[in-house]
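What follows draws every value from the coordinates through simple rules; no lab data is involved. Values in this document were obtained by computation on a predicted structure and should not be read as measured data. Glycine gets a Cβ as well: all are built from the backbone with ideal geometry, and neighbour counts include every protein chain shown.
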Amino acid sequence: MHIRNFDLIAFDWDGTLFDSTRIIVRCIQAAVRDVGGQEPTEKAAAYVIGLGLMQALAHAAPDVPPEKYPELGARYRHHYAMHFNDLSLFEGVLPLLDALKARGHLLAVATGKSRRGLDEALQSVELKGVFDGSRTADETAGKPDPLMLHELMAQFDLPARRILMIGDTTHDLQMALNADCASVGVSYGAHEPETFTVLNPLHVAHSVQDLHDWLLANG
């Protein structure tokens, strides 16, 4: 019998489980254009993925005045809704989640999305009952604040050392560090994997299959 190193595995959503990075970048750029701001570069737009929506938009559009933030948020949601049906889980994610569940791990989502946005994404039949818990930026605090992970620890009565955070951005890995949890980075999402090193992830996975293999051996 395999001895688990972690009882709860918490996943970021966009760019980690969900193949949405490119579409989110385009929606951020379009929203900023719509309100008269200077369009952020792809790199600048990708950097803010994982933060709470308004925190992300404010960072991506520093020349847009705060009074325009509600309009900016509305334009982002408009563009994202147009692409929602184009989004899907990365290939291999469902078998990975099923394998972890079969081994007795608790699974959670810790995301910069809103509760409404995550609940919509989790409506698919294939994801029913997969996750034991979830936290979103609008109901806790945006990354890298550790509140999401602290609340999951409290919910499942687990110490930090029994929780593993997996994400595609420095925001995810910094949140894990701030919560005294271990982390794993994935290189196929929004941030360049070279930026992960200083945050001490246990592993950087370069594909879902790589992540699957590492977790079954080390999770």
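Brief remarks on what is shown
- Size of electric dipole in the chain: Cβ of Lys, Arg +1 and of Asp, Glu -1, about Cα centre, debye, nearest 20: 200 debye
- A dipole drawn for the stretch 35-108 from +1 and -1 charges on Cβ atoms has a positive end, and of ALA99, PRO70, GLY36 the residue lying farthest that way is ALA99.
- For LYS68, a cut-off of 16 angstrom between C-alpha atoms picks up these aspartates and glutamates, skipping any fewer than 8 places away in its own chain: ASP34, GLU39.
- Amide H partners (placed H, <5 Å) of ILE166, local residues excluded: ALA10, PHE11, ASP12, VAL184
- Toward the positive end of the charge dipole of the chain, with +1 on the Cβ of Lys and Arg and -1 on the Cβ of Asp and Glu, the farthest Cα among THR195, GLN155, PHE131 is that of GLN155.
- Euclidean distance between Cα centres, the stretch 1-60 to the stretch 185-216, Å: 16 Å
- Toward the positive end of the charge dipole of the chain, with +1 on the Cβ of Lys and Arg and -1 on the Cβ of Asp and Glu, the farthest Cα among THR16, ILE3, ALA217 is that of ILE3.
- Exposure proxy order (Cβ contacts within 10 Å, fewest to most) of LYS143, LYS128, LYS68, LYS113: LYS128, LYS68, LYS113, LYS143
- Relative packing of 210-216, 42-48, 173-179, 96-102, which averages over residues the other C-beta atoms within 10 Å, highest first: 173-179, 42-48, 210-216, 96-102
- For the stretch 72-84, the Karplus equation 6.51 cos²θ - 1.76 cosθ + 1.60, evaluated at θ = phi - 60°, returns couplings of 4, x, 5, 5, 4, 4, 4, 5, 5, 4, 5, 9, 4 Hz by residue, with Gly and Pro reported as x.
- For the chain, calculated [θ]222 nm from helices alone, where every DSSP H run of n ≥ 4 adds -39500 (n - 2.57): -12000 deg cm²/dmol
- Rounded if a/c under 1.5, otherwise prolate or oblate - the stretch 32-73, Cα gyration tensor axes: oblate
- Degrees between helix 21-34 axis and first principal axis of the chain (Cα, 0 to 90, nearest 10): 20 degrees
- Label assignment, Rg/Rh (Cα atoms, Kirkwood Rh) derived from the structure, set (i) 0.96; (ii) 0.94; (iii) 1.03: (i)
- From the alpha carbon centroid of the stretch 110-135 to that of the stretch 140-161 is 17 Å.
- The H on the amide N of ASP19, modeled in the peptide plane, is under 5 Å from the matching H of SER88, LEU89, PHE90, each at least 5 residues off or on a different chain.
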